[in-house]
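Each reported figure results from applying straightforward, stated rules to the coordinates on display, with no laboratory input. These figures come from a predicted structure and were not determined experimentally. Positions of Cβ are backbone-derived with ideal geometry, glycine not excepted, and every protein chain shown enters the neighbour counts.
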């Protein structure tokens with residue numbers, strides 16, 4: 001029984017798995033795509049392991065949907081190939097690939113009941129009636145829609161429709177599940193709930209999945225790994241933790257969560273930001289003396305103190321509180337830091353910019369810090385307070401120009 | 001204190017004006033068919049209706065309209081599929097051409113068919129020596145009906161195609177269906193309502209066709225005389241009752257079809 005295999009996959013019998021190497025379920029090799037003269041995808045490569053969930057995260061127009069459609073066979077790549085469980089399917093039409101696509105609108109067949117929708121893949125494969133009935137029953141139980149089996153899609157909620165769409169693909173034991181912006185049409189509360197539900201379901205059936213989203217929170221929660229796509233390129237691919245804490249470039253840093261970015265120069269194994277010197281940690285030997293770099297840090301990595309900077313934190317500057325904003329779990333503090341003073345974190349001195357009336361000068365920068373609620377309650381900060389600004393962790397990135405859309409020049 | 005609402009004079013007044021205006025224009029002409037047709041009692045009405053030539057005319061109208069409708073529904077479905085799924089040079093010109101026959105006077109349509117298929121027509125003159133005659137037969141009536149009702153089914157089906165989400169067909173393809181399976185199981189069910197109303201519209205229009213039919217059929221009683229032609233012929237002969245009986249049938253028939261169209265639109269499209 002195909003569907004049974006799909007639902008509870010036995011430990012893979014592939015010899016690779018025994019040796020501990022993950023089985024590659026889907027790979028995309030050197031895919032590029034152009035529409036006319038505009039290049040929308042440029043040399044896209046990634047693998048998805050058996051049972052793994054990969055999230056393609058990018059803004060609209062980044063090309064992430066095109067990648068999905070190429071894997072599904074709804075779009076042809078310009079170069080490169082698509083492999084499903086080791087088989088090159090690039091030349092196969094969509095119907096022969098056996099991938100499951102969960103469309104953004106779910107694309108349930110409006111004139112079929114829930115059970116007809118789920119059984120569709122088996123009916124067109126001309127399976128025996130009894131087999132179809134059994135599989136549909138199992139899948140209805142799996143997605144907990146037994147009492148809705150006779151309903152039409154228009155009578156279901158968004159979340160229920162989505163579960164029907166998933167069950168409809170699981171019926172024919174798909175090679176991989178492709179989710180196109182699966183939660184785009186739902187309200188914020190249902191979204192969070194459904195994310196966890198789908199995550200649990202995928203664990204149960206052990207089918208590899210590729211999600212498409214522009215929502216970074218969704219990406220962090222859904223993905224075993226995240227690929228950040230920007231203008232047709234993969235900027236970075238890694239676990240949510242890697243991508244968040246070690247962004248490969250400024251785009252990734254700002255697209256995935258909030259980030260403060262300060263321009264600096266490498267000097268004496270430190271980064272000179274304004275006149276503050278932040279020592280370069282291990283692993284940044286690649287930057288040479290005098291190289292322009294960006295110091296990137298998350299709001300939650302900033303420590304603010306009225307006296308001495310928190311022990312163990314690199315002091316970057318002193319600053320003045322410009323705004324405080326309580327947003328539930330934490331407090332968001334806007335601080336304007338003074339980069340003109342020579343690395344002193346003594347808060348008793350008057351910052352330079354306060355005496356000059358030129359707050360937008362190069363030496364004063366606004367940054368955002370967040371503080372957990374207990375800390376915010378223990379040490380209150382009010383607008384105008386002078387604080388020492390420390391960093392518990394940060395990333396140093398080479399200062400490179402942002403990516404531009406590649407297209408052939410009109411005359412080639 | 002109960003709140004007293006103002007009485008809006010405009011409401012009964014405007015409804016009254018509307019009904020009074022429709023009296024001489026629509027209601028009274030229809031009513032007179034029934035008043036005249038039944039003035040000499042139901043038995044004479046029944047006798048007029050059952051005259052062999054009258055029965056033949058009604059049958060011929062139904063049969064020719066049926067084949068014209070069958071053809072135009074299939075054609076309209078096919079044309080709508082091609083013209084909403086593919087974008088090509090000359091697409092809009094084709095859409096306009098398909099819709100053109102409704103704008104052409106029906107007498108012109110019949111005349112055009114004669115010039116093409118008639119014994120001395122552009123094509124007809126090559127067929128005539130082989131004993132093939134299309135004009136002045138039931139086939140000619142079907143051809144004329146097809147021509148004048150050409151865009152009706154297409155016009156109803158095409159908008160449904162246009163608004164149908166492409167992702168349904170894409171979903172069907174990724175699930176493993178062939179194009180034919182997708183069309184049969186996914187596309188067609190969504191078109192059910194449009195196909196039925198397109199067919200009814202075409203049939204009703206074909207049954208009533210007069211202008212083109214009188215030119216191409218030859219108007220031979222008992223051979224190529226359709227119901228509207230029968231009414232016209234009997235009226236010219238002064239047999240008002242005979243004409244009247246058929247007129248009542250045709251009026252009731254079109255009333256029935258439009259009621260079905262009006263009230264059935266909703267249940268045909270329920271999910």
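Details
- Cα convex hull of segment B:41-268, projected area averaged across orientations, nm²: 15.9 nm²
- Across all directions, the shadow cast by the convex hull of segment B:1-125 built on its C-alpha atoms averages 18.6 square nanometres.
- Segment B:71-160: projected area of the alpha-carbon convex hull, averaged over directions, in nm²: 6.7 nm²
- Here segment A:116-179 is treated as an ellipsoid with the same Cα gyration tensor; its semi-axes, largest first and in whole Å, are 18, 14, 10.
- Hydrodynamic radius (Kirkwood) for segment A:170-262, which is based on Cα pairs only, to one decimal in Å: 14.4 Å
- Segment B:124-165 - Rg over Rh from alpha carbon coordinates, Kirkwood radius: 1.31
- Computed over the alpha-carbon pairs of chain A, the distance histogram in 20 Å steps reads 23, 44, 27, 6, 0 percent, short to long.
- Neighbour-count ranking [beta-carbon atoms within 10 angstrom, fewest first] of B:46, B:67, B:89, B:184: B:89, B:46, B:184, B:67
- Pairs of Cα atoms in segment B:165-271 fall into 10 Å distance bins, from 0 up to the last occupied one, in shares of 13, 28, 21, 17, 13, 6, 1 percent.
- Base-10 log of normalised Debye intensity for segment A:144-191 (one unit scatterer per alpha-carbon) at q = 0.14 Å⁻¹: -0.40
- 11 Å tail of the calculated P(r), segment B:22-67, as % of Cα pairs: 72 percent
- This ranking places B:200, A:222 by how few other beta-carbon atoms lie within 10 Å of each, fewest first, which gives B:200, A:222.
- Taking the DSSP bridge list for the protein assembly as shown and keeping only pairs wholly inside it, about 80 percent are antiparallel.
- Theoretical FRET efficiency, 1/(1+(r/R0)^6), r = Cβ-Cβ of residue B:183 and residue B:111, R0 35 Å, to 0.05: 0.35
- Scattering profile of segment A:248-331 at q = 0.14, 0.17, 0.19, 0.20 Å⁻¹ [log10 I(q)/I(0), Debye over alpha-carbon scatterers]: -0.59, -0.85, -1.03, -1.12
- Where N is the number of residues in segment A:115-247, Cα Rg divided by 2.2 N^0.38 Å: 1.18
- Where the Cα pairs of segment A:177-221 fall when distances are cut into 10 Å bins, in %: 25, 62, 12
- Neighbour-count ranking [beta-carbon atoms within 10 angstrom, fewest first] of A:287, A:106, A:120: A:287, A:106, A:120
- Cα pair count fraction exceeding 23 Å, expressed as % - segment A:21-137: 42 percent
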